[in-house]
Structure formats: C-alpha cells, structure tokens
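Taken together, the values in this text are just the output of simple stated rules run on the coordinates, not laboratory data. Nothing here was measured: the structure is a model prediction, and the numbers come from that model. Glycine gets a Cβ as well: all are built from the backbone with ideal geometry, and neighbour counts include every protein chain shown.
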Amino acid sequence: MNTYMNSSDSKLLGTAETLNVLLEHRKILSECIREMDANAVNYITEYAIFQRVKNYTENVRSDTRKRLNIAFSSANLLQSHLVMELDNSQGENRLYFQQSVLAVVRLCDVSLFKKLTDAQLKTHLQILNQAHQEMSCGEYHFADEDDDFTEFIDNLFLNIGRLMSDIRQNIVKMQSISKELEALTAHSVNSQVDTADYIKAKQTWLNEIVKLYERHILPVLLFLNPDTCYQDLDGLHTVMSNIHKTLDAHNQASLANHIQSYALSFLNFYQPIEATANAVNRFIHKERDSIKRFNAIEHFYQHKLLTEFKLTQSDNLNKKLIGNAAILLPNFSPSIKAFTRPIGYSFNDSPAYYKNLFNELEARTLDIFELHDLASVFAKANINRDAKNRMRRHDALVKLLDSIHLRETNDLLNMLHLRLEDQFDAYQLYDLISCIGFYRARDPAFKLTTTNLFAQAEHGGQQFRYRKIRCVNNTHDVNKI
Amino acid sequence: MAAGTHSTSPELQAKIGRRHVMDALTTALPYHAERSRVYWQGAEEFSERDQSDVDVEQTELI
C-alpha cells in the first residue's frame with residue numbers, strides 16, 4: 001500500500017510530533033491544499049503527497065528526509081488522527097484530512113485563504129436569520145440554566161466568529177492584491193514580447209482582475225454594507241441588531257453587548273474593503289481605456305498604413321511615396337489625446353490675410369486725410385551716422401598702419417601705442433587690438449609671439465593692461481633653418 | 001559676459017573691459033608636433049585711471 005514506507009523503518013510518530021513536522025515543512029501541505037482547491041474536492045491523494053515529499057526532500061539532509069518520510073506516510077497520518085478517513089475504493093488512496101488541520105495550514109499561508117463567494121455569504125446570512133427566527137418564536141426560555149439555550153447561544157457565537165475570521169482573511173487577501181497585480185503584469189513587462197502577445201496578456205490580466213473584483217470584492221462589500229437589503233433575507237446589520245434587541249429584551253445584557261461589538265467590528269471592515277475596491281475599480285477603467293487606445297492605433301497601423309505602404313512596393317516606379325488615403329479615412333485620433341500646439345504668426349498668403357492687411361491700410365489712409373498730419377501716422381525718420389564714422393576712422397587707422405614700419409621689439413603694443421598717440425588724432429586704447437589683428441594678417445616678415453608678461457598703457461583717462469607681444473624679424477630665422 | 005569672434009569690435013571689447021583669448025595656439029607653425037591650444041588665465045583689462053590700486057588688486061583676485 002505504501003510505496004515509500006518500504007525503504008524506511010516502520011516507527012511512527014505521535015500526533016503533536018506529526019503536526020509539528022507538518023507545520024515546519026508546511027510548503028508540502030500548502031501545495032496539496034492549493035491543488036485540492038483547484039480541483040474543488042475535499043480529499044488529497046496519497047500519490048500527490050508522495051510526489052511532493054519526494055521533490056521537497058531532494059535537497060535536505062538525510063535524517064530530515066527520513067523524518068519527513070515517516071511523518072507523511074499514510075499510516076502515520078491515520079494513526080495520529082490528522083486524517084479522518086482513508087478511502088481506497090476509487091482506485092487511488094484518498095486522504096480526508098481533519099478540517100482543523102487544513103485550517104491551521106491555511107492560516108499559515110495567505111494565498112490559501114478561501115475567497116468568500118456569494119453563495120457562502122448567503123449561507124452565513126441564512127444561519128443568522130434562522131437563529132433570529134428561532135429566538136423570536138419562543139422556543140427558548142432565555143435562562144442560563146436552560147441547556148438548549150446555552151447550546152444555541154454557543155452555536156450562534158461560533159457561527160458569528162467563523163464569519164468574522166472568514167472576512168478578516170479576505171481583507172488580508174485583498175490587501176495583498178497589489179502583489180498579485182504585480183505578478184500578473186510582470187511577465188509581459190520583463191520579457192520582450194511582440195504586440196499580439198502583449199494584447200493577449202493584457203486582456204488576460206484584465207479578465208482576471210475583473211473576475212476578482214466582481215466575484216470577490218463586490219459581494220463582500222455588498223454583504224458588509226449596512227444599507228443592503230436582500231429579497232427574502234435581512235441584511236447582516238439588520239439581523240445583528242434584531243438579535244441584539246431580542247437578547248436585550250430578555251435581560252441578557254452581556255450577550256447583547258457581545259453581539260453589538262461584533263456588529264461594530266463588521267462595520268469597521270467596510271472601509272478598508274471599500275478603499276481596495278476603489279483602487280481596483282480605477283485600475284480596471286484605466287486598463288480598459290489603454291487597451292481601447294492601443295487597439296485603435298494597432299488597427300490603424302495594420303489595416304490602413306501597412307496596406308498603403310505595400311502599394312509603394314509594387315513594380316510601378318511612379319508610385320514610391322505613401323499616399324494620404326490612410327490618413328484621411330479614420331476618425332479616431334481627435335478624441336485620443338488633445339494637446340495645445342503653438343500658434344504661429346499669421347504671415348501667409350491666404351486671401352483673408354491680404355484682405356485684412358489692405359483694410360488696415362485703407363483705414364489709415366482715410367485717417368491721414370481727416371487729420372492732415374502725416375507725422376502722427378508714420379514714425380519720424382532718423383539717420384544714424386555712427387557706423388559710417390567708425391568705418392572712416394578704421395580706414396584712417398589702416399592707412400596709417402600701412403605706412404608704419406615695424407622693428408624688432410619685446411613690446412610691440414607699447415611701440416604702436418607711442419607712435420599712434422603722436423600720429424593718429426582719434427586714437428583710442430582699443431585700437432591696439434585692431435593693430436595686432438592687422439599685423440598678424442598683413443606682415444609675414446615679422447613673427448609675433450604673445451607672452452604671458454603684462455604691461456600697461458594709458459591714454460585719455462583709460463588704462464589698458466595687456467600681454468606683451470614679442471616682435472621678431474623672421475627672415476633670417478628662416479634662412480638659418 | 002560676452003563671447004565673440006576675432007571680428008568682434010575692439011570698441012565693444014573695451015566697453016566690456018576684460019578680454020580673454022580662448023583660441024591661442026602654442027606655435028604658429030601648422031602641423032607642428034607641439035601645436036596645441038593654450039589658455040592663459042588673467043584677462044587683458046581696460047579700466048578707468050582713477051580706479052584705486054585696491055580695486056585693481058580685487059579685480060585681479062577675481
């Protein structure tokens with residue numbers, strides 16, 4: 001029966017010890033439960049456990065492996081009462097675990113929390129409604145000595161507690177939703193995918209998210225909403241307050257207060273779930289929008305632009321540019337994205353522009369005739385002779401420099417400064433800069449070398465601190481070389 | 001501050017006051033091995049004569 005029991009010895013572990021091993025290596029059982037949930041059954045096959053244990057123990061120490069093999073053997077699980085029943089009538093060995101064991105493992109792994117579906121919520125609500133009916137039809141005496149009443153109350157609180165823990169687990173699950181969204185989108189973001197795959201992947205996330213939102217978040221939200229009414233049942237808060245009132249009326253104040261506090265806790269859950277729901281809702285709308293946009297662009301490219309482009313690849317040499325037929329056809333782009341473009345000056349050759357211009361001219365001419373004053377319409381004329389004067393001055397300077405003979409010196413500017421001061425009437429210090437440029441371009445017989453030594457010249461209240469320029473006659477230098 | 005070519009008017013250079021030459025070469029000989037750009041810090045300056053020596057020193061420091 002036990003395929004892997006043969007290798008190990010037949011020693012068995014106690015309940016506490018087995019549970020300890022199960023929880024310590026709960027990854028094995030978590031995966032089994034996930035598979036069980038996926039198949040929508042309430043048993044785990046022996047083979048599934050065997051395979052998981054085998055995979056898990058591949059890289060562990062040998063004594064741990066031995067311990068795991070013993071703990072997870074069917075005989076051990078059955079003997080330690082963790083498994084209720086072993087059914088081998090269907091051809092495979094089915095292990096029916098204790099619900100509490102599964103619950104403990106689920107508690108350790110957030111992703112195993114069962115989602116509260118609409119049907120489950122309805123069951124909870126039916127139980128509460130039924131309890132209220134039983135209370136109000138006078139079956140119980142509302143006395144602590146009455147065993148029926150105590151049992152009923154215990155059962156009621158058990159149900160409320162279960163509902164509470166279910167909803168709390170759901171909230172934890174919803175709060176980890178961002179992680180799930182990230183996992184969903186990670187694949188298509190990380191890898192290089194082509195457009196078709198991208199669209200497909202995007203559609204898949206959207207479907208999954210919409211399902212999550214509509215099947216799990218919305219029902220819980222509706223269930224917790226104090227204003228919700230169902231067709232033949234009272235809403236959660238109505239039932240709770242009714243039970244509270246009935247208990248209060250029968251002098252069970254402490255029980256009534258308990259119920260009241262539970263009702264308040266349920267009310268508290270409403271807000272975090274609503275926040276999550278809003279976030280998911282926004283995400284869905286955004287995704288839908290972007291898919292629509294993407295489809296529009298893709299459609300335009302595939303069906304309009306590409307067909308136009310293929311026309312240019314024919315043998316006809318007259319047709320080498322893409323026509324504008326594709327651009328005129330679709331009407332999608334204006335609503336996609338509107339952004340303001342800069343408005344240019346309206347200098348152009350349109351009839352409207354000329355009409356405007358001539359109207360303005362005509363109006364101004366009429367103004368002249370009425371006012372008899374040309375000066376008010378046209379600005380005053382002005383002649384600026386500065387530029388011409390500068391040109392004359394420069395010409396005079398060049399003429400003078402042409403007639404000056406250079407000699408070898410350590411400070412060319414000082415020499416020029418002294419000469420110009422005497423010979424040039426309109427001399428300014430800055431003319432020295434013009435001189436260097438002039439000689440550099442004009443006189444190849446002398447070699448001008450700028451040094452890093454400073455000297456100073458003064459003229460007309462101004463000082464010029466300049467670098468000395470050495471002037472060497474290079475005709476014999478060339479001969480030397 | 002202004003940047004100009006060699007055709008920038010000397011009058012304007014005098015108005016600005018400080019003149020740095022950025023494109024000087026270490027030798028005038030073309031294709032010479034040592035031909036490379038050189039820039040000397042410290043501007044050639046135009047200034048008013050009545051400026052005190054302290055001011056000149058300050059501008060030197062700048």
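At q = 0.17 Å⁻¹, what log₁₀ I(q)/I(0) does segment A:118-296 have when each alpha carbon counts as one equal point scatterer in the Debye sum? Debye intensities relative to I(0), on a log10 scale: -1.03.
Distance distribution note for segment A:388-480: the fraction of Cα pairs above 23 angstrom is 24%. Peptide B:12-21 has a mean shielding of 2, counted as Cβ atoms of other protein chains within 10 Å of each residue's Cβ. For segment A:15-110, the Stokes-Einstein estimate of translational diffusion at 25 °C and a viscosity of 0.890 mPa s comes to 182 µm²/s, using the Kirkwood hydrodynamic radius over alpha-carbon pairs. In this structure, the amide hydrogen of A:ASN93, modeled 1.01 Å from its nitrogen in the peptide plane, lies closer than 5 angstrom to those of A:GLU46, A:TYR47, counting only residues at least 5 positions away or on a different chain.
Other protein chain C-beta atoms within 10 Å of residue C-beta, averaged over A:461-468: 6.
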